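Quick one: this structure, given as structure tokens, is what I'll be asking you about.
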Amino acid sequence: MNPAGLQEVLDYGLYGWALSRYAGVWTGIKCVKDNIEQSASIDGSLERVNIVLPEDFEMPPGGLGIRRGDNVLEKEARAYEYKIPAALAFIRANALDRMILEGGGAPKIGIIASGKSYLDTEEALDLLGIRGTRAAALGVKFYKLGVTWPLEPEGAARFASGLETVLVVEEKRSLIETQLKEQLYGRRGAPAIIGKLDENGAPLLPSHGALEPVQIALALGERLLARTGDEELRARMEQLGQVAARVAALPGIIERVPYFCAGCPHSTSTIVPEGAHAYAGIGCHYMAQWMDRATEGFTHRGAEGANWIGEAPFSKQGHVFQNIGDGTYVHSGALAIRAAIAAGTTMTFKILFNDAVAMTGGQGLDGELSVPQLARQMSADGAARVV
Ligand code: SF4
């Protein structure tokens, strides 16, 4: 589920819970800074979310929940034959995907977006002055997805019906676009589907970095202008083009590089001796890579040191430091250290013990690990020296 703002984070949380129970599936919510790091007034009334159970889906005997003595092959078959169809029925019944703009009597260009990209597309439409009657006059249809996987096919097909072109707007890699192409490919009268690539297969909206409303506005406006020749739109596009060119030409005058909090133990613990090299990982010490601390390269949580296991046999360096926090150590870092010991690598893990999982808000460590316990565990695992 991909919420566009805090109200939907709350609402989709409730829908997601109900969907999970109904279809026997895991549900997840996409959280990015644009829909999470916000303040907003929200409606918290209990009657706001009215969960509807589908009437067009027949539960198999025994339902879809977890059960004892389940057979793995039956479990796999249940996932594809029943659970996904049940989830799709739930999405339909609760109208989690919905039409924002109908595009008048004969819409020709459709936009499909979700979550953060939905908000960006709204802004792009504002930049182009496309609202209400203007959207109808220009034939612009806009479909908002609440759930990006699986893509509910009946609503998607209704949205795409009669359109010449569908612009899929999504940040980072394509998820909606590939599903939509799979669903509509080969259908009579299927629209051209563009997004990451344009009509000729050339790059259009980037999969990397940030996708900005101006980029969406230019991609949409160009196609609308080619179809309609609308003079007001032409004027807006010229303005937007000038603004985009001015912004692109601006020198980067302010570079705001994050740093450790005042008093943070990482401030001193990530300093390495002259000539040494260190690796980062998941934790605030990742920021050491942006500082003058000979720290470069990182892994996912629980693989600290793994890059050195592969690199060491080919390196003249002989030794590296690997920073790791106690939160990571408790989570999976202890296994990473065990792997490094098992591989016979020469390296020093610097374990910062600050008694907190700092990066996610300062929760306590699970299991109440102490420094003496940690040291004994390292010795027992075979660390050559523990200080
Ligand atoms: S949150 Fe804690 S660990 Fe992270 S930079 Fe601040 S003081 Fe350091």
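The values are calculated or read from the model by the stated rules, or taken from the named source; none is laboratory data. For clarity, every value in this text was computed on a predicted model and none was experimentally measured. So basically every Cβ, Gly included, is an ideal-geometry build from the backbone, and we count neighbours across all protein chains shown. Areas reflect the complete protein model, heavy atoms only, side chains present, ligands, DNA and RNA absent. Shrake-Rupley method; radii C 1.70, N 1.55, O 1.52, S 1.80 Å.
Can you confirm whether ILE282 is within 15 Å of the ligand (Cβ to nearest atom), under 24 Å from the mean Cα position of the chain (by Cα) and assigned to a loop (DSSP other than H, G, I, E, B)?
yes
A further question follows. For the list (1) open to solvent by less than 50 Å² (accessible area, probe 1.4 Å); (2) in a helix (DSSP H, G or I); (3) in contact with a helix residue (DSSP H, G or I) (Cβ under 8 Å, 6 or more places away or on another chain), I need the number of the one condition that THR148 fails.
Here THR148 meets the rest and fails (2).
Any residue in region 293-310 that is in the same structural domain as GLY275 (by TED's automatic domain parsing), in contact with a Lys or Arg (Cβ under 7 Å, 6 or more places away or on another chain) and away from the ligand (no atom under 15 Å from the Cβ)? Even if it seems obvious, please write down each step before you answer.
At the first step, the residues of region 293-310 found to be in the same structural domain as GLY275 (by TED's automatic domain parsing) are 293-310.
So of that shortlist, the ones also in contact with a Lys or Arg (Cβ under 7 Å, 6 or more places away or on another chain) come out as none.
Looking through region 293-310, none of the residues is in the same structural domain as GLY275 (by TED's automatic domain parsing), in contact with a Lys or Arg (Cβ under 7 Å, 6 or more places away or on another chain) and away from the ligand (no atom under 15 Å from the Cβ).
Can you work out which of the residues in region 152-163 that are out of contact with any strand residue (DSSP E or B) (no Cβ under 7 Å at 6 or more places or on another chain) and not in a helix (DSSP H, G or I) is most open to solvent (accessible area, probe 1.4 Å)?
Per the criteria, the residue is SER161.
Further, regarding this structure: Quick check, is LEU125 assigned to a helix (DSSP H, G or I) and either out of contact with any Gly (no Cβ under 9 Å at 6 or more places or on another chain) or under 23 Å from GLY16 (Cα atoms) (or both)?
yes
Regarding region 317-326, can at least one residue be identified that is more than 20 Å from GLN289 (Cα to Cα) and of a type in the set (S, T, N, Q)? Lay out the reasoning, then the answer.
Step one: of region 317-326, the residues more than 20 Å from GLN289 (Cα to Cα) are 318.
With the extra rule that they be of a type in the set (S, T, N, Q), the set shrinks to none.
No; the residues of region 317-326 include none that is more than 20 Å from GLN289 (Cα to Cα) and of a type in the set (S, T, N, Q).
If you don't mind, there's one more thing I want to ask. Residue pairs, Cβ under 6 Å, 6 or more apart or interchain, first in region 355-369 and assigned to a helix (DSSP H, G or I), second within 9 Å of the ligand (Cβ to nearest atom). List them.
ALA358/CYS284; MET359/GLY283; MET359/CYS284
Considering ALA340, ALA384, ALA334, ALA312, which residue is surrounded by fewer than 12 Cβ atoms within 10 Å (Cβ to Cβ), farther than 23 Å from PHE260 by Cβ and of a type in the set (A, V, I, L, M)?
ALA384
Go through (1) of a type in the set (Asp, Glu); (2) within 16 Å of the ligand (Cβ to nearest atom); (3) surrounded by fewer than 19 Cβ atoms within 10 Å (Cβ to Cβ) for ASP326 and report which single condition fails.
Here ASP326 meets the rest and fails (3).
If you don't mind, there's one more thing I want to ask. Being over 21 Å from the mean Cα position of the chain (by Cα) and open to solvent by 40 Å² or more (accessible area, probe 1.4 Å) is the filter here, so list the residues in region 183-201 that pass it.
Of all residues in region 183-201, those over 21 Å from the mean Cα position of the chain (by Cα) come to 183-193, 198-201.
Matches in region 183-201: GLN183, TYR185, GLY186, ARG187, ARG188, GLY189, ALA190, ALA192, GLU199, ASN200, GLY201.
Find the residue count for region 291-319, including only residues that are more than 22 Å from SER332 (Cα to Cα) and either in contact with a Phe, Trp or Tyr (Cβ under 8 Å, 6 or more places away or on another chain) or not in a helix (DSSP H, G or I) (or both).
Looking only at that region, the number is 9.
Among (1) farther than 24 Å from GLY209 by Cα; (2) open to solvent by 50 Å² or more (accessible area, probe 1.4 Å), which single condition is LEU127 missing?
Failing condition for LEU127: (1).
Determine whether region 354-366 contains at least one residue that is open to solvent by 20 Å² or more (accessible area, probe 1.4 Å), in the same structural domain as ASN307 (by TED's automatic domain parsing) and more than 31 Å from the chain's Cα centre (by Cα).
No, region 354-366 has no match at all.
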